[in-house]
Amino acid sequence: MSSTLKELAVALSQKQEHFVNHLTEESPILDNMRFEPSTHGLWNAYEEVSKINGAEFVDINQPLPEMEVDSNLKKIDLSILGGEIFLPEDKASVIGVSEYFGKKVPMLLKHAGQTAEKKIIYDNFIPYAVQNGKAVSAGASANCYSMVAVRFIDGEVTGLYSAKNIGKHGILDSTPINGGTLYKNANGLLGYGVRLKGYIGMQLANPDAVSAIVNIASENVPTADQIDNMLVDAKATPASTFIFCHPKVLSMLHKYKGNVLQTTAGDWDVNRSFMAWNGIRFITSYNFANGTESAVSLA
């Protein structure tokens, strides 16, 4: 079953819940995504459907047609999310080891969440929409923004985590280096260290579930038709689809307020989601570039 990172963390331990709260604090897309266990630990095998011949109507006493589903078996590797933090011996004697790591780890987790979210946006969602012909341009040639519509589907469009790893260490494994005793780092300094490490990934296996509008700017705002078509391209449904964008992009769309852009009380249940386009909720994130994207060339 799919779960959010917070749901997984709550099921594991109070410590993991604490980690994930920091990880997703400024990463609302990551916070609202659902994740599934990978099939083989550090990688996931999945089928991408290429053709379906389904049921048909036939006359009484006539043979039923043959049904088939053609698919391609594919594999995706998970990525490592983590790093090491080092505390020099002299600083440790003044601040204290546990006090130091207690203050630094939350900041590092927050940054790790932002890094992961940027990767999901710019290495996964937008390129996938472009390569499948599900992206259109708003017309800007420089200093651009983007917005994406993503319909999450179990087994197809979903985050991934290593079930083998999570069972032993949780979503993020926090381990003292050298057993928590003094060691020399790469620069020859004595001190103490902690390693944070987790395995997560993103699976995109349905080209009809991710679409985008690129090359947006204040003078090149998407038209209502472009946004409607973006949602059609993703086969958007209110239950499973989000529109992701930078807060400034949502501000640009305020001219449509009162028509198809609505504010509803229910949207407050989702982080930074306070408006919807014909029922499809927005989630804004500062992990989109603030008007510094290069123009995307579309075929």
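The values are calculated or read from the model by the stated rules, or taken from the named source; none is laboratory data. Values in this document were obtained by computation on a predicted structure and should not be read as measured data. Neighbour counts are summed over all protein chains in view; Cβ atoms, including those assigned to glycine, are modelled from backbone coordinates with ideal geometry.
Can you say whether N206 is part of a loop (DSSP other than H, G, I, E, B) and either surrounded by fewer than 22 Cβ atoms within 10 Å (Cβ to Cβ) or not acidic (D, E) (or both), as far as the supplied structure shows?
Yes: the conditions hold for N206.
Remark: pairs (first residue in segment 210-229, closer than 15 Å to I243 by Cα; second residue at pLDDT 95 or above and acidic (D, E); Cβ separation under 7 Å; 6+ apart in sequence or on different chains) = S211/D233. Filtered by the rule that a residue be under 18 Å from E36 (Cβ atoms), modelled with pLDDT of 95 or more and buried (at least 20 other Cβ atoms within 10 Å of the Cβ), segment 116-151 gives I120, F125, Y128, V150, R151. For segment 214-229, the count of residues that are among the charged types (D, E, K, R) and at pLDDT below 95 is zero. The residues of segment 153-192 that are surrounded by fewer than 16 Cβ atoms within 10 Å (Cβ to Cβ) and within 30 Å of A205 (Cα to Cα), listed by number, are D154, G155, A163, K164, G167, K168.
Examine segment 79-100 for a residue that is of a type in the set (F, W, Y), modelled with pLDDT of 85 or more, in a helix (DSSP H, G or I) and closer than 21 Å to E26 by Cβ, and state whether such a residue exists. No, segment 79-100 has no match at all.
Conditions (1) buried (at least 17 other Cβ atoms within 10 Å of the Cβ); (2) hydrophobic (A, V, I, L, M, F, W, C); (3) at pLDDT below 85, marked per residue:
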| residue | (1), (2), (3) |
| --- | --- |
| T4 | yes, no, no |
| L8 | yes, yes, no |
| A11 | no, yes, yes |
| N32 | yes, no, no |
| T39 | no, no, no |
| E47 | no, no, yes |
| S50 | no, no, yes |
| E68 | no, no, yes |
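Give the residues of segment 221-251 that are touching a strand residue (DSSP E or B) at 6+ places or on another chain (Cβ under 9 Å), of a type in the set (V, I, T), more than 15 Å from T158 (Cα to Cα) and outside any helix (DSSP H, G or I), sorted by residue number. Matches in segment 221-251: T237, I243. For segment 133-160, a tally of residues being of a type in the set (D, E, K, R) and under 12 Å from S211 (Cα atoms) returns 2. Kindly list, by first and then second residue, each pair from a residue in segment 172-196 that is closer than 26 Å to H22 by Cα and part of a strand (DSSP E or B) to a residue that is modelled with pLDDT of 95 or more and of a type in the set (D, E), limited to pairs with Cβ atoms under 9 Å and residues at least 6 apart or on different chains. From residues that are closer than 26 Å to H22 by Cα and part of a strand (DSSP E or B), the pairs are G191/E89; G191/D90; Y192/E89.
Of all the numbered requirements in (1) over 19 Å from P127 (Cβ atoms); (2) modelled with pLDDT of 95 or more; (3) within 23 Å of the chain's Cα centre (by Cα); (4) not hydrophobic (A, V, I, L, M, F, W, C), S211 misses one, and that requirement is (1).
Among the residues examined, A149 does not qualify as aliphatic (A, V, I, L, M), assigned to a loop (DSSP other than H, G, I, E, B), over 24 Å from I80 (Cα atoms) and in contact (Cβ under 8 Å) with a residue 60 or more places away in the chain. In segment 157-171, the condition of being closer than 30 Å to G96 by Cα, within 22 Å of the chain's Cα centre (by Cα) and in a loop (DSSP other than H, G, I, E, B) is met by at least one residue.
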